[in-house]
Every structure is written in C-alpha cells, then in structure tokens.
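*Asks:* Please read through the structure below; I'll follow up with questions.
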C-alpha cells in the first residue's frame, strides 16, 4: 500500500513539474515575441528620427534661411544713420505725448471704463522719545510726527460692453516707420 501511495505522489509531483515547465516555456516564448515586436518598433522609430534629423538640418541651413528671408521678408541692411549709442537713445525716441498726439480714435469703444480711486489721507502719528533718542544718537530728543498711511485704496471699475468694428492698429510698426524717415 505504501508503494501505491508513493508512486501516486511521485506521479503527481512529475505532472505538476511538467505543467509548470510547460507554462514557463510558453511565457518565455510570449515574452520573446513581445521583445521582438518592441525591437522592430524601436528600429523603425530610430529610422524615423534619422530622417527627421536630416530634414531639420536641411530646413535650418543658413543658406536656405537666407534665401527664404530675402524672398519673403523684404529686409533691408541697417544704415549707419539707424545706429546710435545708448546715451542718445532717449533723445531719439518720441515722448509719450508725441506718440499719443498722433493717435486718433474713430470707432466706438468696445467697453466704457469708469474708474474711481480714493486717495489715502496720511495720519500723523507720534513716535516715542526713546526711539527718537536712539535714532539721533543721544542728541536732543524730541517727539517727531511722522505720516503713516492707514487707509486702504479702493478701486472700483465698471465696464459696459459696446459694439466696435475698428481694426487693430500697429503702433510699433508706425513708430519704426517714423524712425526710418528720420535723417
């Protein structure tokens, strides 16, 4: 009887081991197929990257960009009259008053803005004599009045929507055109 149970035990053990080996072998083959698929995908991506790098080198070549800029941008060389030093720049730039004087509004505004700003009122506050004595390094102490802002600024804005079909202006382009006209 011991013999039959022993044979049955070893048979079951061999069966379990063979099923485990079969499952392991099947899983290894599945992982090998997945690895092969990933490797081919990586190779195709690397080929695509090489093509894209070659295209980038062509598109970013200075001679090609120079030709495109000459054809599409209508750029002119900088004249010697257009260069200046940083110290002379403030004298050459138009003031805000000059720039806003040339602006004219012909259309109706998109919104009306009403803004009320209440200015803070300073309130005098007395400082103590000990603090004043430290500040004056032992000289004659006196009580000084300082103005301290204790109020808050209140800002209310009311926007009312209105219709407008005015095209946007280009103030930078206009200013560059004015600078080009200067001698």
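Rule-based calculations on the coordinates, nothing more; no lab input. Note that the structure is predicted; figures quoted are calculated from it, not measured. Positions of Cβ are backbone-derived with ideal geometry, glycine not excepted, and every protein chain shown enters the neighbour counts.
*Asks:* Report the extension gain between residue 102 and residue 45 in nm, rounded to one decimal, defined as 0.36 nm multiplied by the number of residues separating them, less their alpha carbon distance. Before the final figure, lay out the partial values.
*Replies:* Details: separation 57, 0.36 × 57 = 20.52 nm, distance 5.76 nm.
My answer for the length gained is 14.8 nm.
*Asks:* Right, something else. Rg to Rh for region 2-72: what is it, with Cα atoms only and Rh by Kirkwood? Please list the in-between numbers first.
*Replies:* On the way: Rg = 30.2 Å, Rh = 17.8 Å.
Looking at region 2-72, the ratio lands at 1.69.
*Asks:* Once both labels are modelled 7 Å past Cα along the beta-carbon direction, what's the residue 88-residue 52 spacing in nm?
*Replies:* In this crude spin-label approximation the distance works out to 4.9 nm.
*Asks:* Let me ask another. Suppose the chain between residue 174 and residue 70 were pulled fully straight at 0.36 nm per residue; how much longer would it get relative to their current alpha carbon spacing?
*Replies:* So the extension gain works out to 35.2 nm.
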